[in-house]
Every structure is written in structure tokens, then in C-alpha cells.
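Asks: I'd like to ask you about the structure that follows.
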Amino acid sequence: MNGVLESLLKFILSEEFIRAAIFPGITFVLFYALFTVWYERKLLARVALRIGPLHVGKVAGILQLVADAVKLLTKEVVIPSKSSRKVFFISPVIGGFIPLLIFPFMPLGERWVIFPSDVSLLIVFAVIAISPIPFIIAAWASRSKYPFIGMIRLGFQLFAYEVPLFLALIPVIILSGSLDLKDIVYAQQTIPFILLLPLSFIVFLISSIAEVERIPFDLPTAEQELVAGWTTEYSGVLLEFIQLGVYLKADALAILTSLLFLGGWHGPDIPFIPPDIEQPLWLLLKSLVLLSFILFLRGVYPRITIDRLLDIGWRILIPLALLNIFIAAFLKIYIL
Amino acid sequence: MGLSPILALTIYVILAVLTVVLMAILPFILAPWKHSIKKKVSFECGQTPLPSREQEFPYEYFPYLIAYITYAIIGVVVFISSITLIEAPHLAERILIFFGSLSVGALFIGSMLRGLKQRLRYEGAGER
């Protein structure tokens, strides 16, 4: 019995388990998603000259999130009678799970990666690309008019912005000469790619905002027009899965943008802090700045119309992304 | 690559699956269940629910569909070309000409398609 306990303890204290379960593993990922929700509420409250969550929990209403999560977890699962029942239930569950698979491949420091891979950038992009599909299916399974219109908008928006999102990655691959996110960060040791590829950064950031359906690109869930768009029929834990998926993807894209364009974990040395702590600190700080910008837009921008949205995606961002690939190739061949 | 990263990834995936499954089954254990037909009616914004019927949905986005297919293929070709640029530097100038032509072409098309909007066709009312 003691032998079994000892082995179990050894397994729990092993580096693999700590990485997978604590940092940069599942605990960190879920807490970061929770933090983002709280941070958004506080930030938007400040923008609107309000206080935001205050009473639940001693520090800045931090436990309001826990209260909300528990409320959603303990609500009855209501499945509309007209819906496709099994698909209606399973799709958001898968939609909440898939974005969790982005994080094992993203390094938060030289040491802090769960699964290092030579093609980590491609894997991360592939997971990001498939992540909206369960949500489109979930909306279809609702068989209701508001989700249906939201689904069509979601489909068109994602198709329009995934192409520039992918094209904006290519200049980074050309300049770094690698598909490994670690190598991409090492390539930015002296100059972060935002200075060499500002157009690419702008295209990637705008496409990311559209990918996570944030204002001004929140047409699929446009509250004032479509009740809650493709999520209208969802409540309780299924709505929680949808929210989890959306926030996890926003977090992942903020970290990915920091890795690709803002120099990743490189930053000035902080005295008395070892590099293993300093690196994730810099990276998370950079991603928090980006996240603040993405969340801030909700407080200050109106929603754009669908024709404008498609126009920006197809007519402006894609040609800009292609032009930037040419610039990156020129820099690589003749200057760098 | 040693076993360590694969083990870490396996543990991560197992924990992620467990988290999701636990969240999914928790309401079935904790939530009060009160059967009601009204709860299961689709949301209609306070209106009387409409019965099911088939109706043409007037969305026409074919220009965008064609644009998507075209650019998706171009995206793959550009990706392969960029990898070639890294792997075979002696072909760099040809690839640069290819990228340049694509950029000029895309900018030209972008400027030509100004005002390309969604086209909504209403049955019996023609095209607007």
C-alpha cells in the first residue's frame, strides 16, 4: 500500500504532471480564462464609469465569477423540442474542449511548454481553424430562426477572416525560417517582428478579433438584432461551454500574437527574478496588453454591418496580407 | 523526442477531457429538474411561436464563395512557396516575382471590387 502511495506521490510531483496539470497546464489555462472574464467586466465597467463586480469576494468582486460559474453549472439543461437533441447537447461540449488543445503546443517560456514540436505553429493554427465548426453545428442543431441567422453570419465571418489570419502568419515563417514557435521567438531576440512586419501584425490582430467575434465583429451574436444570435437557445452549462470556448480562444490568440510579433518572452531583465519565472511573466504581460485592447474595443466601438465586415475581410485584409508576404520575402532575400 | 513530452501531453488531454465531462454531467446531478413544455419552446422574442415551414432564405453570397475558394487555394500555394523560399534559397528571386504578381493582382482586384455588397433577392420583388 505504501509502495502504491509512494508511486502516486512521485507521479504527482513529476515534472510532466506539474506541467500538464498546473503550469502551463489545465489549471493555468482555466484560471486564465476565468481571469479574462473578470478582467473584461472590470475594464468595461471602468470605460462606462461604473465599478463592476464588487460585493462577492473581498477583493474587487473576484468571487462573482465563481458564483456565476456555479449558477450555470447547477441550472437545468433545457433542450428545445424542435432541436436536434443529441447534436444540440454535444456540439457546445466539443466547442468548449477544442480550444483547450491549443495550449499544450504554445511555449510560455524556454522551459514552459507541454509538447514542443517543430511544427507547433501549424498545429496551433489547425486547432484554431477547426474550433468554430462545433459552434456552427450547434447553431444549426437549434433549429430556430435567430440561431440560424447567427450561424450564417458566423460562417461567412469565419471564412472571410481565416484566410487573412493564415496569410498573416506566412511573413513570420519566412523571416524566422521555422514553423516552431520557440524558434520564432528566438528569431525576435534583437528586433520583434512587429517592427519589421507592422502590416502583418495589424492584419493578424484584426482577423483574430473577428475570429473570436468581439465587437466590432460580433455580428453572429448581435444582441440588439438577433437576441443572442447563434447562442440564443443555449443556457446553463451548455452556454458555459460556449463562453469557455470563446474566451479560451481569445486568450490563445493574444498569447500567439505576442509570440509571433511582440518578441514572445523576451524583455528587460527583472532583478532577483529567475528567467524561468521572468519569461512567462513578460509573455503574459504582453498578451494582457493585447487582451486589454481587444476587450476595450467592446466599450468604445459600435458594430459594423455585414457587408462592411465582408468587404474589409476580402477586399482589404487579404491584399494587404499578400503584399506583406512580398515585403517579408524581399527583406529576407536582400536585407536581413 | 523523449517520452516526457508525450506523457505530459497525454496527461493534459486526459485532464482536459475529465474537466469537460465533469462539467457536462454536473447539472444532471445538481440541477433541479422540472418538466415543462413551455421551457422547450424555441425562443420567439415574446411572439407566438411559428409552426415549422419551408421557406427560401434570401442570402446570395456567391461572389464571396468564389473569393473564398480562390484565396484558400492561393493561401496553400503561398504557404508552399514560402517553405520553398526557406528550403531552396536559389529559387528566391522567382518566388519573389510570384509574390509580387500575387500582391499586385490582389490589390487590383480589391480596388475593382469596391462596393461589392451582399445581394439580397426578395421573391417577387426582383433584385435590389
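Asks: For residues that are touching a helix residue (DSSP H, G or I) at 6+ places or on another chain (Cβ under 6 Å) and of a type in the set (S, T, N, Q), tally how many sit in the range A:28-67.
Replies: 1
Asks: Now a separate question. Among the residues of the range A:161-186, which ones are more than 9 Å from chain B (Cβ to nearest Cβ), surrounded by fewer than 21 Cβ atoms within 10 Å (Cβ to Cβ) and part of a loop (DSSP other than H, G, I, E, B)?
Replies: A:180
Asks: A further question follows. Confirm whether residue A:9 is closer than 29 Å to residue A:292 by Cβ and open to solvent by 70 Å² or more (accessible area, probe 1.4 Å).
Replies: No, not satisfied.
Asks: If you don't mind, another one. When you look at residue A:227, is it open to solvent by 10 Å² or more (accessible area, probe 1.4 Å) and on the phi > 0 side of the Ramachandran plot, yes or no? Show your work before the answer.
Replies: Working: open to solvent by 10 Å² or more (accessible area, probe 1.4 Å): yes; on the phi > 0 side of the Ramachandran plot: yes.
Criteria met by residue A:227.
Asks: So which residues in the range B:107-125 are modelled with pLDDT under 85 and assigned to a helix (DSSP H, G or I), if there are any at all?
Replies: Applying the first criterion (modelled with pLDDT under 85) to the range B:107-125 yields B:109-125.
Once the filter is applied, which keeps residues that are modelled with pLDDT under 85 and assigned to a helix (DSSP H, G or I), the range B:107-125 yields B:109, B:110, B:111, B:112.
Asks: Right, next: Could you say whether any residue in the range A:100-110 is buried (at least 18 other Cβ atoms within 10 Å of the Cβ), more than 15 Å from the chain's Cα centre (by Cα) and more than 18 Å from residue A:157 (Cβ to Cβ)?
Replies: yes
Asks: Among A:158, A:205, which is the only one that is surrounded by fewer than 21 Cβ atoms within 10 Å (Cβ to Cβ), in a helix (DSSP H, G or I) and not polar (S, T, N, Q)?
Replies: On the way: A:158 fails: surrounded by fewer than 21 Cβ atoms within 10 Å (Cβ to Cβ).
Unique residue meeting the criteria: A:205.
Every residue, every condition in (1) part of a loop (DSSP other than H, G, I, E, B); (2) at pLDDT below 85; (3) more than 7 Å from chain A (Cβ to nearest Cβ), yes or no:
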{"position": "B:14", "(1), (2), (3)": "no, no, yes"}
{"position": "B:18", "(1), (2), (3)": "no, no, yes"}
{"position": "B:33", "(1), (2), (3)": "yes, yes, no"}
{"position": "B:49", "(1), (2), (3)": "yes, yes, yes"}
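Asks: Quick one: is residue A:123 open to solvent by 30 Å² or more (accessible area, probe 1.4 Å) and of a type in the set (Val, Ile, Thr)?
Replies: On the way: open to solvent by 30 Å² or more (accessible area, probe 1.4 Å): yes; of a type in the set (Val, Ile, Thr): yes.
For residue A:123, the condition - open to solvent by 30 Å² or more (accessible area, probe 1.4 Å) and of a type in the set (Val, Ile, Thr) - is met.
Okay, residues lined up against (1) more than 9 Å from chain B (Cβ to nearest Cβ); (2) crowded, with 19+ Cβ neighbours inside 10 Å:
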site: A:29; (1), (2): no, yes
site: A:46; (1), (2): yes, no
site: A:81; (1), (2): no, no
site: A:118; (1), (2): yes, no
site: A:128; (1), (2): yes, yes
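Asks: Among residues belonging to the range A:130-143 that are over 19 Å from the mean Cα position of the chain (by Cα) and open to solvent by 10 Å² or more (accessible area, probe 1.4 Å), point out the one that is farthest from the other protein chains (Cβ to nearest Cβ).
Replies: Just the residues of the range A:130-143 that are over 19 Å from the mean Cα position of the chain (by Cα), to begin with: A:137-143.
This time we only want the ones that are open to solvent by 10 Å² or more (accessible area, probe 1.4 Å), so: A:137, A:140, A:143.
Numbers: A:137: 16, A:140: 13, A:143: 7 Å.
Checking each candidate, the answer is A:137.
Asks: Residue check, residue A:162 against (1) among the charged types (D, E, K, R); (2) over 20 Å from the mean Cα position of the chain (by Cα); (3) under 24 Å from residue A:319 (Cα atoms), all met but one. Which one?
Replies: The failed condition is (2).
The values are calculated or read from the model by the stated rules, or taken from the named source; none is laboratory data. Because the structure is a prediction, the values reported are computed rather than measured. Cβ atoms come from the backbone with ideal geometry, glycine included; neighbour counts cover every protein chain shown. For the accessible areas, the whole protein counts, side chains as well, though only heavy atoms, and no ligand, DNA or RNA atoms are used. Shrake-Rupley method; radii C 1.70, N 1.55, O 1.52, S 1.80 Å.
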